1. Once all Cα-Cα distances of region 2-139 are split into 10 Å bins that start at 0, what whole-number percent is in each one?
2. To the nearest 0.05, how large is the calculated FRET efficiency for HIS35 and SER56 if R₀ is 22 Å and r is the Cβ-Cβ distance?
3. List the residues, sorted by chain then number, that are 5 or more residues from ASP92 or on another chain and whose placed amide H is less than 5 Å from its amide H.
4. Work out, step by step, the length gained on full extension between ILE12 and ALA128: first 0.36 nm times the residue separation, then minus their alpha carbon distance; give nm to one decimal.
5. Sorting check: for 3-13, 94-104, which peptide has the highest mean count of neighbouring beta carbons within 10 Å, and how do the rest follow?
6. Fully extended, how many nm does the chain gain between ALA2 and ALA19 (0.36 nm per residue separation, minus their Cα-Cα distance)?
7. Using each residue's phi in region 108-123, evaluate 6.51 cos²θ - 1.76 cosθ + 1.60 at θ = phi - 60° and report the 3J(HN,Hα) Karplus result to the nearest Hz, with x for Gly and Pro.
8. State the extension gain, in nm to one decimal, for the chain segment bounded by PHE27 and ARG42, taking 0.36 nm per residue of separation less the distance between their alpha-carbons.
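All of the numbers you see were taken from the coordinates with simple rules; none came from a lab. These numbers were taken from a predicted model, which means no experiment stands behind them. All Cβ positions, glycine included, derive from the backbone under ideal geometry; neighbour counts span all protein chains shown.
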Amino acid sequence: MALVEFGLVAPILFLVLFAIVDFGWVFGQHLDVRHGVREGARLVSVNYSPLGDEGSAQTMALASNICGRMDPQGLTSIEISLKNAASSQVGDLAVVEVISEASPLTGFMPLIFEGMDLRSTIEVRLEADATWADGVGAVTCL
């Protein structure tokens with residue numbers, strides 16, 4: 001009798017257990033995306049350019065530095081967007097956005113996480129004149 005009861009309850013128990021694991025994993029990915037956009041906003045606001053690049057080369061350097069400051073475990077592709085809201089002078093606004101597709105760990109909840117994007121956007125004031133170009137790009141973080 002106990003085996004029959006376990007057979008009836010076990011699928012629900014395992015579904016709940018795997019759902020908790022998947023939600024925790026995706027929440028951790030969401031925190032990584034938020035951390036990346038925060039770090040990217042700081043780099044953009046001070047016009048970070050370690051090699052003295054300008055324009056799109058600096059935009060790609062900023063994107064790779066944002067990736068380097070994130071923990072991309074489980075994130076498949078990361079899209080980083082940098083935009084000047086007005087001009088590129090001190091005090092103007094810039095927008096940094098990081099988007100990544102959620103990828104669950106166990107695969108038991110595909111309908112919930114299928115096609116879900118983890119997105120975070122920050123608007124920041126420039127502390128130095130921006131020399132980077134507006135850009136959007138898919139970046140592979142290793």
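1. 12, 36, 23, 14, 8, 4, 2, 0
2. Working: r = 25 Å, r/R0 = 1.13.
After rounding, the FRET efficiency stands at 0.30.
3. Here LEU126 satisfy the definition.
4. On the way: separation 116, 0.36 × 116 = 41.76 nm, distance 5.58 nm.
Stretched fully, the ILE12-ALA128 segment lengthens by 36.2 nm.
5. Values: 3-13: 9.1, 94-104: 21.1.
Peptide ranking by packing, descending: 94-104, 3-13.
6. Values: separation 17, 0.36 × 17 = 6.12 nm, distance 2.51 nm.
Gain in length upon complete extension: 3.6 nm.
7. Using θ = phi - 60°, the values come out as 8, 10, x, 5, 6, 9, 4, x, 7, 9, 9, 10, 9, 10, 10, 10 Hz.
8. Details: separation 15, 0.36 × 15 = 5.40 nm, distance 2.30 nm.
Once the chain is fully extended between PHE27 and ARG42, it gains 3.1 nm.
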